[in-house]
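The values are calculated or read from the model by the stated rules, or taken from the named source; none is laboratory data. What you are looking at is a predicted structure, and each value in this text was computed from that prediction instead of being measured. FYI the Cβ positions are ideal-geometry reconstructions off the backbone, even for glycines, and counts take in every protein chain you see.
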Amino acid sequence: MVQERTLPQFHAPAAQIAPEEGLRLYEDMILGRFFEDKCAEMYYRGKMFGFVHLYNGQEAVSSGVIKSLRSDDYVCSTYRDHVHALSAGVPAKNVMAELFGKETGCSKGRGGSMHLFSSEHNMLGGFAFIGEGIPVALGAAFQSRYRRDALGDSSADQVTACFFGDGTTNNGQFFECLNMAALWKLPILFVVENNKWAIGMAHERATSQPEIYKKAAVFGMPGVEVDGMDVMAVREVAQQAVARARAGEGPTLIEALTYRFRGHSLADPDELRSKAEKEAWLARDPIKRFEGYLLEQNLADEGTLKEVRDRIQTRIDDALTFAEESPEPSPDDLYKYIFADE
Amino acid sequence: MAETLLFNALREAIDEEMGRDDTVFVLGEDVGVYGGSYKVTKDLYNKYGELRVLDTPIAENSFTGMAVGAAMTGLRPIIEGMNMGFLLLAFNQIANNAGMLRYTSGGNYKIPMVIRGPGGVGRQLGAEHSQRLEAYFQAVPGLKIVACSTPYNAKGLLKAAIRDDNPVLFFEHVLLYNLKEDLPNHEYVVPLDKAEIVRPGKDVTILTYSRMRHHVTQAVKGLEKKGLDPEVIDLISLKPLDFDTIGASIKKTHRVIIVEECMKTGGIGAEIIASINDRYFDELDAPVVRLSSQDIPTPYNGKLETLTIVQPKQIEAAVENMVALKV
């Protein structure tokens, strides 16, 4: 087991949250968890193909950040993109249909698990190569500033949240984009989901400075670490970063310390992570922790939480039916979408 | 009519399109305060401000990806590659994101962007600055590839490229920036997908593009004196190729010579030959001949550099041989 970092302390009771807002976060986390569990089931039953990277364990990050955004803000993701898309509002049925390669999928069955897109929901994409989504997210953030400052549109205060993993922070595009974002004060959140492992490469073996949030300082950018297993903590830092970005004060680097409960992808034998390490992180399950918080603070009771879970399970079941019953793309459309004017 | 240098024709195209559409902006290395290495963006920084003529750090892959993101969200970026060779550093963003993302996203996004700049073999600039890259990008789905060759077509094509809703790789040639031509005073746009018949003729079809058009034109002067009548076609669009124009010419001349600056292996000419075999094999009276540059890194030495690219005398000889059926 690699030396664990001390997780930053956050005292949730001090944070104000309305019961309906708490339930909204809970529902989003449950949606992510149940959706991914269903994906694993479908993959092992041979209904889903390709590389499928599941998000189990990291839900507090997606929900804490994306639910702090407005619907006209932008989200940019990686190959582990199902749950970011769901949090951004892409309907579960359209994500599931995409994984089944169906015409009703959010990318019309052309993208697959690692390439989820929805212009309607400002979901800029799942990007499958390490780091390549960061410049694209930077472009969306530049666009907001361009509209505000070059075109004089004072309503152009949209923020972009760009997600990526610890392994990506050793890639040049990470540093290049932090530089440009700080240089031009772009409204962007760089959200590192540090789950400690890049497939089989432990973070500490890949980087000379494992504390990623500290890398913001050389760009004159705020860098914060946060317990990525605590949705209230993630929400708190995200809200601050969004407020700064929206006010034109520039980017923030957020390092969320988290853990994936499954292998890198469903094709990964996951042999390198120790049992002790996995157990230590499973004990911090962000959903169980948030349930405990909601109950302790009297923001919800057991019945309400069960209602949420039942409702989401129905939605997942409906999504599965929708995906199974949807048509595949027509062979006549093999060349459709190559060019914009065709 | 106003006599205009090619680099100024490009500048006029950008200026006019930026005036016409405020979502059009330029980004790249030294495009702003410095005015561009070849002065294609001279003074535009003062006219349009630092966001619309954006000086970027030297980070090709990242600023190209940034342009993709800006294009996805409604802007129309024009990237200047200070030297098109630097685009090798941005290959991932050009191929995976600019080229493929529209398809991969099932039509969710369009990527209206232009990537332009000087390419080709200059005068003793050494291997890395004397690249012949067009063929490298040819296989990428979703890209349009255009090569301008005169001040007139440079201006009209660049305006069309900026208005196109797809990513367009726009090749200029480092040795053509100072060509002069009288340009119309009225606004005009040249379509991206049409080859240009430079000289109608009946004996043989010469397909060429970019600077090689001018080597061909030189060769034609000698051929005319010998009583030969070649048809010269500037391809303009390297992807997709304009087979309407190419095919009509082949049906007339039944002989084809391709003159290109790119390398022979996997080149633009290689693709054209394969397509001609598919479409017009029965029309041919002789195998297609291609004159390409050598499959080597461009050498610094002047004599070796001259040997690397096709020269007018070689074109003349190839045409004479072909017409005499000594192919």
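In table form, for the structure just shown:
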{"item": "Residue check, B:Ala13 out of contact with any Asp or Glu (no Cβ under 9 Å at 6 or more places or on another chain) and crowded, with 24+ Cβ neighbours inside 10 Å", "result": "yes"}
{"item": "Unmet criterion (only one of (1) away from chain B (no Cβ under 14 Å); (2) buried (at least 16 other Cβ atoms within 10 Å of the Cβ); (3) in contact with a Pro (Cβ under 9 Å, 6 or more places away or on another chain)) for A:Gln297", "result": "(2)"}
{"item": "Region A:123-144: number of residues that are more than 7 Å from every other protein chain (Cβ to nearest Cβ), surrounded by 23 or more Cβ atoms within 10 Å (Cβ to Cβ) and of a type outside the set (Val, Ile, Thr)", "result": "7"}
{"item": "Complete set of residues in region B:295-327 that are in contact with a Leu (Cβ under 7 Å, 6 or more places away or on another chain) and closer than 17 Å to B:Arg123 by Cβ", "result": "B:Val310"}
{"item": "Any hit, region B:70-87, residues being in the same structural domain as B:Leu157 (by TED's automatic domain parsing), of a type in the set (Lys, Arg) and touching an Asp or Glu at 6+ places or on another chain (Cβ under 8 Å)", "result": "yes"}
{"item": "Candidates A:Tyr26, A:Tyr79 - the one that is in contact with a His (Cβ under 9 Å, 6 or more places away or on another chain) and aromatic (Phe, Trp, Tyr)", "result": "A:Tyr79"}
{"item": "Exclusive hit being among the aromatic types (Phe, Trp, Tyr), more than 23 Å from A:Asn56 (Cβ to Cβ) and surrounded by 13 or more Cβ atoms within 10 Å (Cβ to Cβ), set A:Phe339, A:Phe322", "result": "A:Phe339"}
{"item": "Residue that is in contact with a helix residue (DSSP H, G or I) (Cβ under 7 Å, 6 or more places away or on another chain) and either part of a strand (DSSP E or B) or farther than 26 Å from A:Asp318 by Cα (or both), where the choices are A:Ala161, A:Ala97", "result": "A:Ala161"}
{"item": "Of the criteria (1) within 25 Å of B:Leu27 (Cα to Cα); (2) in contact with a Lys or Arg (Cβ under 6 Å, 6 or more places away or on another chain); (3) more than 9 Å from chain B (Cβ to nearest Cβ), which one A:Ala150 fails", "result": "(3)"}
{"item": "Checking A:Thr160 against (1) among the hydroxyl-bearing types (Ser, Thr, Tyr); (2) crowded, with 24+ Cβ neighbours inside 10 Å; (3) more than 9 Å from chain B (Cβ to nearest Cβ), the condition it does not meet", "result": "(3)"}
{"item": "Residue in region A:307-316 that is within 26 Å of A:His11 (Cα to Cα) and either touching a Leu at 6+ places or on another chain (Cβ under 8 Å) or within 14 Å of chain B (Cβ to nearest Cβ) (or both) present", "result": "yes"}
{"item": "A:Gly220 closer than 26 Å to A:Leu23 by Cβ and loosely packed, with under 15 Cβ neighbours inside 10 Å", "result": "no"}
{"item": "Every pair of residues 6+ apart whose Cβ atoms lie under 7 Å, when the first sits in region B:166-177 and is assigned to a strand (DSSP E or B) while the second is modelled with pLDDT of 95 or more and of a type in the set (Ser, Thr, Tyr)", "result": "B:Phe171/B:Ser210; B:His173/B:Ser210"}
{"item": "Selection count, region A:178-214, where residues are away from every other protein chain (no Cβ under 14 Å), in contact with a strand residue (DSSP E or B) (Cβ under 7 Å, 6 or more places away or on another chain) and surrounded by 17 or more Cβ atoms within 10 Å (Cβ to Cβ)", "result": "11"}
{"item": "Total residues in region B:278-327, condition in contact with an Asp or Glu (Cβ under 9 Å, 6 or more places away or on another chain), touching a residue at least 40 places away in the same chain (Cβ under 8 Å) and surrounded by fewer than 20 Cβ atoms within 10 Å (Cβ to Cβ)", "result": "3"}
{"item": "Test: residue in region A:213-220 that is under 23 Å from A:Gln9 (Cα atoms) and part of a loop (DSSP other than H, G, I, E, B)", "result": "no"}
{"item": "Selection count where residues are surrounded by 21 or more Cβ atoms within 10 Å (Cβ to Cβ), closer than 23 Å to B:Ile94 by Cα and more than 20 Å from the chain's Cα centre (by Cα), scope region B:32-51", "result": "1"}
{"item": "Enumerated strands (runs of 3 or more DSSP E) restricted to region B:52-144, each holding at least 1 residues that are more than 11 Å from chain A (Cβ to nearest Cβ) and at pLDDT 95 or above", "result": "B:76-80, B:114-119"}
{"item": "Some residue of region A:298-320 being assigned to a loop (DSSP other than H, G, I, E, B) and touching a residue at least 60 places away in the same chain (Cβ under 8 Å)", "result": "yes"}
